[in-house]
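**Student:** What follows is a structure written as structure tokens; I'll ask about it next.
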Amino acid sequence: MVHENEITEAEQEILERLWQHEVEGWPLPPGAEGEVVELGLHAKGWVKGDGLRLSAGGLEVARRAIRRHRLAERLLADLMGVEQEQAEEHACVLEHSLVEGLAEKVCTFLGHPRVCPHGHPIPEGPCCKKAAASVEAVISPLDHMRPGEEGLIAYLATPQNGDLQKFLSMGIHPGDPIALVRKTPSVVFRCGHSQFAVDRELATQVYVRRHG
Amino acid sequence: MALTLPQGCHGQAQAPLTGGEGRRKVFLVGNPNVGKSVLFNALTGSYAVVSNYPGTTVEVSRGSAELGDGSWEVIDTPGMYSLRTITEEERVSRDLILRDEGTIVHVVDAKNLPRMLPLTLELCMMGRPLVLALNLMDEAAQAGVKVDTRALSVELGIPVVEMVATRGKGIQELKTILAGPIPLPPSPKVSFPPRLEESLEALRPRISGDAWRFWALHALEGDAPALERTGLPDELLRTLRTRAGLGPRRGAPSALVAKSFHASAQRVLAGAYKDGTRGKVALQERLDRLLLNPWTGFPILAVIVYVGLYQFVGVFGGGTVVDFLETTVFGHYVNPYVEALFAHLVPWMWLRTLFVGDYGIFTLGLRYAIAIILPIVGTFFLAFSVLEDSGYLPRLAMMLDRIFKAIGLNGRAVIPLVLGFGCDTMATMTTRILETKRERVIATFLLALAIPCSAQIGLLLALLAGHPAALALWAAIVAGVFLMAGTLMARLLPGRKPAFFMELPPLRMPVLKNVWSKTVSRMGWYFLEVFPLFIVASVMIWVGQITGIFPKVVEAIVPLVKALGLPSQTAVAILFGFFRRDYGAAGLFDLRHSGVMNGVQLLVATVTLTLFLPCIAQFLIMRKERGWKVTLLMSGVILFIAFGVGWGLNAVLVAAKVTL
């Protein structure tokens, strides 16, 4: 296994682009092929044959890089309140400091977020798989709150973009105060002067920073 | 009510007084359940259905209003949360305002201004005459919310009107503003992330007009009207979209953009909106808790069904009123008079039967429509309107969501399904509030198959009166078919599982005037829709009899009827059932009075007729909403299930030697 710190920033950058292309369908940036050759990624065994497809090992390294990058963005945006655009830039720097152990700690602290501030999924780490939603988490899904409890919306983690959009277009945004009214038979919460009912599946995707 | 016009518009262009050819238009736009339809009624004097349920306006209402020196067309649009849309109702509204010209009135719920102002900013970007109507000011005052209307107007650069539309406050002010010249809104100060700004800037030379930012943004997000208007190449948009960080997929509304609008709206409101502190738990809120708690909510539902549906609609509407109209009004006055009249007017017996015969237009068509169907449907619509305006239905949706998930729907389907107990045809139209095509297909099918409308329920109760065991069996069988058909469809139809998300509007005391005009409007719609069918059915049956076709068709159905174990006379009722299920049931009603049928036969006949397609009107609406292919397929399946269940039921009951 290659240790994170042995990858250069340039390598990490191009691996992330290849992964996004292969896994999420983003277009390849111009000049990708040249960079792959220049950095000798074929020789390192991360890219297959002479094409641009990642090998199994390359996929894994890239996946972890993406995970660190998006966790860094999440950390900056949610906890530091850094604007999205800057978060992106700082994240590029920060992700290199997130060695594997630290990334796990950050992920746990954030309550195992599933998407970055741009709405792209964060690949799961070992900690997410183990996490049986710890009670002490500062940030937890809406349906883990007690009825009557209040908090601030930390972020929305809906894998289907349409559902995420539904919250946003109704004017329910990260940073807004939210109060849980009840959990059964459906989840009811209050936001501003309105009440909303959602099913449990949607409620698990609203992450709330609890007042504690 | 305060009225504020924007100050110091920096030499902005004024909207042209005459809007080119044709009439000038006003579009009422806004979130669901903020009072657009009330405002529409107040402006035009005509009627759009208003309720305390998000998403009731599924059709676009158009009306006329006299404003200042001329006649304007007023258009009420289905509710939408944003111009960047997800649901079909929102798309209807968006396309309507994007593809047309005219003034826009954005109606908002004043106390929830922070949630609604982002849409105002989106509308400002369009660069069309815009007025912000702060409705529900009374509820805002109650919640301790303070809005500085003048500051808001200055900040946005558009006229802002305070309003309580249900009580007519602020309507006159709005009319005055609409009649005068309205300054075009300045481009709102919405700042997008720098990378998105760069992409927008890159499109600037390719888009004409002042609202280029608006069209560029919508083109980047892949909205059809913006793509048509700008004609930008797909490849370029793809590149720019990626560069802006909007994600690779086209047509997915972006969280980035929503966030930018939200942030800008909060900045605009900083000096103009002050939130109130929530006071003590009011009576209203305590009642709300009881409704949302399943332990108290379901008993309350049972009481509502018993009092509202059984006692009011069944016993009062279907019993007392029907008896009075049937026996007293028609039996003693109308029928003898009409018969005497036609005996005098029309000497030819064959022609006279068209009007006053066994199936005559007056003696059958008019009598069924007015004396039997109308009281039942009318009392149902009255009860439904009270429930609708109180805000109870969204709470019911919340309670039933889990059960509905099992049949491939979600809580939102409460409104079409409950409305179906009034009129399935009207309910099929409201399936549009469901988000996915899959849900709309399932709901349409279940309405057609297993939700008996109020007219049918009334007749079935009368038919099975005195056979309580048969009534219980009927209910169990129909409910069973409903659940089984739903579960099967949920498994068979592909598509993602629907997510349930619904705003719960505040509980409100229904206003008698609104309840009444809504009931009258629905009854009017029903009568126009249904009454002609009764006449047509009477005429067709008459023609069929005169020409000898009708008896032949009846003869052809007799074996089918016999297979169900029914007396051959019921073939006539079954044939009527094709025109309207309740028309068929009404036929059975006459048979029951003559004592031809026993309990088992009554049960088999009622179950079969309940599962039938309700009426021709429903068939036509299904075709309009779902298309020929789906409708014909559904009708075939329904016919098969109806006869299959009837046949099976008879076989079982006869084999078990059950008497009911």
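**Student:** Quick one: grab Rg to one decimal and Dmax as a whole number for segment B:69-187, Cα atoms only, in Å.
**Tutor:** Radius of gyration, then largest Cα-Cα span, for segment B:69-187: 14.1, 39 Å.
**Student:** Sum -39500 (n - 2.57) across every DSSP H segment of at least 4 residues in chain B, then divide by the residue count to get the 222 nm mean residue ellipticity, nearest 500. Can you show the working numbers first?
**Tutor:** Working: 29 runs with 369 residues, N = 660.
Mean residue ellipticity, 222 nm, calculated: -17500 deg cm²/dmol.
**Student:** Still on this structure, I have one more. With +1 on each Lys and Arg Cβ and -1 on each Asp and Glu Cβ, and nothing else charged, work out how big the dipole of the protein assembly as shown is about its Cα centre, in Debye to the nearest 20. Could you put the intermediate results ahead of the total?
**Tutor:** Details: 84 positive and 79 negative charges, 376 e Å.
With only Lys, Arg, Asp and Glu charged at Cβ, the dipole is about 1800 debye.
**Student:** Continuing with this model, one more query. Rounded to the nearest whole Å³, what is the per residue volume of the convex hull around the Cα atoms of segment A:168-212?
**Tutor:** Details: hull volume 3.8 nm³, N = 45.
Spelled out: Cα convex hull of segment A:168-212, divided by residues, is 84 Å³.
**Student:** Taking DSSP loops as anything outside H, G, I, E and B, show the longest stretch in chain B free of GluC sites (Glu not before Pro) there with at most 16 other beta carbons within 10 Å.
**Tutor:** Between exposed loop sites, the widest span is B:102-660.
**Student:** Place the peptides A:186-193, B:563-570, B:466-473 in order of packing, highest mean first, counting for every residue the other Cβ atoms within 10 Å and averaging per peptide.
**Tutor:** Working: A:186-193: 23.0, B:563-570: 18.8, B:466-473: 16.1.
Ranked by mean Cβ neighbours within 10 Å, highest first: A:186-193, B:563-570, B:466-473.
**Student:** Could you go through segment B:118-125 in sequence order and give the Karplus-derived ³J(HN,Hα) for each residue, using 6.51 cos²θ - 1.76 cosθ + 1.60 with θ = phi - 60°, rounded to whole Hz, and x for Gly and Pro?
**Tutor:** x, 5, 4, 5, 4, 5, 4, 4
**Student:** Given a Förster distance of 41 angstrom, what is the FRET efficiency for B:Arg623 paired with B:Arg167, based on the Cβ-Cβ distance and rounded to 0.05?
**Tutor:** E(calc), rounded to 0.05, equals 0.45.
**Student:** Straight distance only, please: which aspartates and glutamates reach the Cα of B:Lys518 with their own Cα at less than 20 Å, same-chain residues fewer than 8 apart left out?
**Tutor:** B:Glu59, B:Asp76, B:Glu388, B:Asp389, B:Asp424, B:Glu529
**Student:** Looking only at Cα atoms, what is the convex hull volume of segment B:389-529 per residue, in Å³?
**Tutor:** 128 Å³
**Student:** Return P(r) of the protein assembly as shown (all Cα-Cα pairs; 20 Å bins starting at 0; whole %; ordered from short to long distances).
**Tutor:** P(r) over the protein assembly as shown, rounded to whole percents: 13, 39, 31, 14, 2, 0.
**Student:** So which aspartates and glutamates can B:Lys189 reach, going by Cα to Cα under 19 Å and dropping same-chain residues fewer than 8 places off?
**Tutor:** Of all the aspartates and glutamates, those that pass the test against B:Lys189 - Cα under 19 Å, at least 8 places apart if same chain - are A:Glu83, A:Glu85, B:Glu122, B:Glu155, B:Glu197, B:Glu198, B:Glu201, B:Asp210.
**Student:** Under the rule of at least 5 residues apart or a separate chain, name every residue whose amide H is placed under 5 Å from the amide H of A:Leu54.
**Tutor:** A:Lys48
**Student:** Got the relative contact order for segment A:4-129 handy, in percent, Cα pairs under 8 Å and 6 or more residues apart?
**Tutor:** 22 percent
**Student:** So between B:Ile546 and B:Asp358, what do we pick up on full extension, going 0.36 nm a residue minus the alpha carbon distance?
**Tutor:** Extra length from B:Ile546 to B:Asp358 when fully extended: 66.4 nm.
**Student:** Which aspartates and glutamates, on any chain, are close to B:Lys274 with Cα under 12 Å apart, when same-chain ones fewer than 8 places away are left out?
**Tutor:** Candidates past the 8-residue exclusion: B:Asp148.
**Student:** Relative to the longest principal axis of the C-alpha atoms of chain B, give the angle of the C-alpha long axis of helix B:294-304, reported between 0 and 90° and rounded to the nearest 10°.
**Tutor:** Compared with the principal axis, the helix lies near 60 degrees.
**Student:** So, one more: Answer with one residue from B:Leu240, B:Val356, A:Leu98: the one whose Cα lies farthest towards the positive end of the charge dipole of the protein assembly as shown, charges on Cβ with Lys, Arg +1 and Asp, Glu -1.
**Tutor:** B:Val356
**Student:** Enumerate the amide H contacts of B:Ile104 below 5 Å, restricted to partners 5 or more residues apart or on another chain; note that Pro and chain-start residues carry no placed amide H.
**Tutor:** Counting only residues 5 or more places away or on other chains, the set is B:Phe27, B:Leu130, B:Val131.
**Student:** Report ³J(HN,Hα) in whole Hz for each residue of segment B:74-84, in order, from the Karplus equation J = 6.51 cos²θ - 1.76 cosθ + 1.60 where θ = phi - 60°; Gly and Pro get x.
**Tutor:** 9, 10, 9, 9, x, x, 9, 8, 7, 6, 9
**Student:** What average number of partner chain Cβ atoms lie no more than 10 Å from the Cβ of the residues making up B:400-413?
**Tutor:** 2
**Student:** By how many degrees, 0 to 90 and rounded to 10, does the Cα axis of helix B:194-203 deviate from the longest principal axis of chain B?
**Tutor:** 80 degrees
**Student:** Starting from the Kirkwood radius over alpha-carbon pairs of chain B, derive D by Stokes-Einstein at 37 °C in a medium of 0.692 mPa s and give it in µm² s⁻¹. Intermediate values should be presented prior to the final figure.
**Tutor:** Working: Rh = 27.7 Å.
Result for D is 119 µm²/s.
**Student:** Quick one: compute the contact order of segment B:161-249, relative version, from alpha carbon pairs under 8 angstrom and 6+ residues apart, as a percent.
**Tutor:** Across segment B:161-249, relative contact order equals 22 percent.
**Student:** Once you average over the residues of B:494-504, how many Cβ atoms of partner chains fall within 10 Å of each Cβ? Could you put the intermediate results ahead of the total?
**Tutor:** Details: counts 0, 0, 3, 2, 1, 10, 8, 12, 7, 6, 8.
Partner-chain Cβ atoms within 10 Å, mean over residues of B:494-504: 5.
**Student:** Would you compute the Debye intensity of segment B:597-650 from its alpha-carbon atoms alone, equal scatterers and no solvent, and pass along log10 I(q)/I(0) at q = 0.14, 0.25, 0.32 Å⁻¹ to two decimals?
**Tutor:** Values, matching the q order: -0.42, -0.89, -1.15.
**Student:** If you take the beta carbon distance between B:Met523 and B:Lys274 as r and set R0 to 45 Å, what does 1/(1 + (r/R0)^6) give as a FRET efficiency, to the nearest 0.05?
**Tutor:** 0.50
**Student:** Using the alpha-carbon atoms, what tilt in degrees (0 to 90, nearest 10) does helix B:468-492 show relative to the longest principal axis of chain B?
**Tutor:** Approximately 40 degrees, to the nearest ten.
**Student:** Now for a separate question. Which whole-number percent is the relative contact order of chain B (Cα, under 8 Å, 6+ apart)?
**Tutor:** Averaging sequence separation for qualifying contacts and normalising by length gives 12 percent for chain B.
**Student:** I've got another one for you. Which ³J(HN,Hα) values in Hz, rounded to whole numbers, follow from the phi angles of segment B:437-447 under the Karplus curve 6.51 cos²θ - 1.76 cosθ + 1.60, where θ = phi - 60° and Gly and Pro get x?
**Tutor:** Taking θ as phi minus 60°, the curve returns 5, 4, 4, 5, 5, 4, 5, 4, 5, 5, 4 Hz for segment B:437-447.
**Student:** Then there is this: Please tell me which of these pairs span more than 23 angstrom C-alpha to C-alpha: B:Lys405/B:Lys437; A:Lys129/B:Lys437; B:Lys259/B:Lys405; B:Lys25/B:Lys437?
**Tutor:** Those over the limit are A:Lys129/B:Lys437; B:Lys259/B:Lys405; B:Lys25/B:Lys437.
**Student:** Follow-up. Can you tell me the alpha carbon radius of gyration of segment B:113-240 divided by the globular rule-of-thumb value 2.2 N^0.38 Å?
**Tutor:** Relative to the 2.2 N^0.38 Å estimate, segment B:113-240 comes out at 1.28.
**Student:** A further question follows. For the pair B:Tyr337/B:Ala282, report the inter-label distance in nm, with labels modelled 7 Å from Cα in the Cβ direction.
**Tutor:** Rounded to a tenth, the inter-label distance reads 5.0 nm.
**Student:** Could you point to the residue in A:Leu39, B:Gly636, B:Gly317 farthest towards the positive end of the protein assembly as shown's charge dipole, with +1 and -1 charges on the Cβ of Lys/Arg and Asp/Glu respectively?
**Tutor:** Ranked along the dipole, the leading option is B:Gly317.
**Student:** Follow-up question, since we're still on this one. Which Rg and Dmax, in Å, describe the Cα atoms of segment A:4-129?
**Tutor:** When restricted to Cα atoms, segment A:4-129 yields Rg and Dmax of 14.4, 43 Å.
**Student:** For segment A:139-210, just say rounded, prolate or oblate: build the C-alpha gyration tensor, square-root its eigenvalues into a ≥ b ≥ c, call rounded for a/c under 1.5, and beyond that prolate if a/b exceeds b/c, oblate if not.
**Tutor:** rounded
**Student:** Could you pull out every residue, at least 5 positions away or on a different chain, whose amide H is within less than 5 Å of the one on A:Arg182? Hs are placed 1.01 Å off N in the peptide plane, and Pro or chain starts have none.
**Tutor:** A:Val188
We did not get these values from a lab; they are worked out from the coordinates using the rules stated. Quick caveat: nothing in here was measured; it's all calculated off a predicted structure. So basically every Cβ, Gly included, is an ideal-geometry build from the backbone, and we count neighbours across all protein chains shown.
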